[in-house]
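Trainee: Can you read through this structure? Questions will come right after.
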Amino acid sequence: MKILDWIVLLTYFLGMIGMGFWARAKVKTANDFFTAGGAMPWWLSGISHHMSGYSSAVFVAYAAIAYTEGFSIYIWWACSISVALVLGSSVFPGRWSRLRQRLGIISPLEYLSVRYDLPSQQLLAWSGALLKIFDVGAKWTAAAILLQAFAKVPPLWGVLLTGSVTIIYSVVGGLWADALTDMSQFVIQVIAGIVMLVAVLARLGGISALWTIWDILPRSHSQPFVGQYTLAFAIVYLLVNMLSYNGGTWNLAQRFIAAPTAKAARNAALLSAALYMVWPLVLFFPMWASPLLLPHLEDPSQSYAMLTKTLLPQGLIGLVLAGMFAHTMAMTSSDANAISSVVVRDILPALRRDRQRPNDRTQLFSGRICTLLFLSFSMCIALTADHFGGVMGLVLLWYGALLGPIAIPVLFGMLNIFRRSGANAAIASWLTGAIAFALIKFVFPIEIARLPGDLTTTITVAGPVLSSLVVFVGAGLTWPAKNPEADRLLKLINEKDVQINIPQTTYLN
């Protein structure tokens, strides 16, 4: 990092802060802060969904996988997300939008108090919020690793720098700031990604390297499934991505909730799916080629950073680093906004004796305070990431494994086909998934580690998700719920032309 690189990076940070203050004029109510008033254009929602779906972990943990395993990461990660969004586009995005239009929800969990009951909603809200702190902590850690690799900045200061900038524009501008900065960050990371691709192709002899490197790399690097990333793992991770990217991850649900119509929400999902199918090919190629340019690298997680430092001149290094930070800041800010909506709309009212929400002005102020606190706590987790298995342990194992038990009741609760699965099914599903994770991670880790390498990761991720799914469906069949209010709620969000004759307060308070 030279002076020009620091100027580029600091200009980027100042631009993000400025955009947050510019977006502040659009935030008048809690609805504006958490859902952009339901007025976010489909193309902005789609780009924001894409940018909020991954972080600097791609340039650290996933870069290491691309260095050691090759092409397979595109199959089980990028293609999997794209397929999950396409399959879910006609099922979930429109329902999220209708929840806001017809019931006035702001939080992704708001409808669960009627769909199941208050204890079920609170269980999912508390556990999801706590889990997300760890997930976002991993993102800060990845960003700090990159800054340390580029400029020898200690992790503490790397976390504080990126976290502080994100806190400022997130607290000030809410979801509008998140989406608008996502758009600008998307442009920056496209430019940075193309610059990096061109630099690598030039070093490898031109555009023909796109197909010739596979003859030079180890044969396994061109295989779609290799090592622990098998076909079985890819199928399981497709299920995880189906749950996550269609709204089981709350910040991504908010992009659909913020869309003005069900059609706009579906278009946003399809745009994000297209970006996941195409853009990672540009993003990952330098990582796939890095064993040729940086052979025998001791720490593969620094491969992308080392490539940037080796191939790019002053100024462009700062641009690429800004592009890497763009993903982390996009994801963490949107996560903070989503968690804050759950805390303000679902958790805090449940702690009051009258179970009532405060006035809108108080909700808006509380949302800003919760955003500040969430990001601050996640930064503390980032500084202790090694205790949880590092970046990869937090992203793939902890979050990937525990997402299912939380997301299954949230997403499947919107579908008529699962109307028999009530509060008992939701709680049993969550509990089973949590127990499965505890058994795999803490009771039988040695036995699972002794399994063939292609089974260890698959079982760790698959166990909680599949057990939760089986219990949720099974409990609905053997222990069916009868809840007239839940049936009416399902009718409102599943029927496209249903007329609403009952005030939303009947459902949500």
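Trainee: Given the -39500 (n - 2.57) contribution per DSSP H run of 4+ residues, what per-residue ellipticity at 222 nm results for the chain, rounded to the nearest 500 deg cm²/dmol?
Mentor: That comes out to -23000 deg cm²/dmol.
Trainee: So how much slack lies between K263 and K152, counting 0.36 nm per residue of separation and subtracting their Cα-Cα distance, in nm? Numbers along the way, then the final one.
Mentor: On the way: separation 111, 0.36 × 111 = 39.96 nm, distance 4.74 nm.
Gain on extension, K263 to K152, equals 35.2 nm.
Trainee: Continuing with this model, one more query. Just subtract the alpha-carbon distance of R420 and S90 from 0.36 nm times their residue separation and send over the number in nm, one decimal.
Mentor: Working: separation 330, 0.36 × 330 = 118.80 nm, distance 2.20 nm.
Extra length from R420 to S90 when fully extended: 116.6 nm.
Trainee: Still on this structure: Return one number: the angle in degrees, 0 to 90 and rounded to the nearest 10, between the long axis of the Cα atoms of helix 231-243 and the longest principal axis of the Cα atoms of the chain.
Mentor: It works out to around 50 degrees.
Trainee: Could I ask something else about it? List the pairs from K2/K152; K2/K139; K263/K491; K263/K496; K152/K309; K139/K263 whose alpha-carbon separation is above 22 Å, in the order I gave them.
Mentor: Distance filter (> 22 Å) returns K2/K139; K139/K263.
Trainee: Here's something else I'd like to know. Using only Cα atoms, find the angle between the long axis of helix 453-478 and the longest principal axis of the chain, and express it within 0 to 90 degrees, rounded to the nearest 10.
Mentor: Roughly 10 degrees, rounded to the nearest 10.
Trainee: What does the extension gain come out to for W6 and A449, with contour length at 0.36 nm per residue minus their alpha carbon separation?
Mentor: That works out to 155.1 nm of additional length.
Trainee: Hey, what's the Kirkwood Rh for the chain if you take every pair of different alpha carbons, in angstrom?
Mentor: 23.0 Å
Trainee: Using a 1.4 angstrom probe with every protein chain in place, what is the largest-first accessible-area order of E110, E298, E495?
Mentor: Greatest to least solvent exposure: E298, E495, E110.
Trainee: Going by accessible area, probe 1.4 Å, with all protein chains left in place, what is the ranking of V200, V153, largest first?
Mentor: V153, V200
Trainee: Helix 262-293 versus the longest principal axis of the chain: what angle, 0 to 90°, nearest 10, using Cα atoms?
Mentor: 20 degrees
Trainee: Cross-link candidates for K28: which aspartates and glutamates have Cα within less than 16 Å, leaving aside residues fewer than 8 places away along the same chain?
Mentor: Straight-distance partners of K28: D178, D360.
Trainee: Okay, next question. Once you put a point 7 Å from the Cα of F21 and another 7 Å from the Cα of V282, both along the Cβ direction, what distance in nm separates them?
Mentor: So the label points at F21 and V282 sit 3.2 nm apart.
Trainee: Testing the spin-label approximation: label points 7 Å from Cα along Cα→Cβ at L477 and Q356. State their distance in nm.
Mentor: Rounded to a tenth, the inter-label distance reads 4.6 nm.
The values are calculated or read from the model by the stated rules, or taken from the named source; none is laboratory data. Here the structure is a predicted model, which is why all the values come from computation and not from measurement. Don't worry about glycine lacking a Cβ; one is built from the backbone with ideal geometry, like all the others, and counts go over all protein chains shown. Accessible surface is based on the protein model in full, side chains and every heavy atom, while ligands, DNA and RNA are left aside. Shrake-Rupley method; radii C 1.70, N 1.55, O 1.52, S 1.80 Å.
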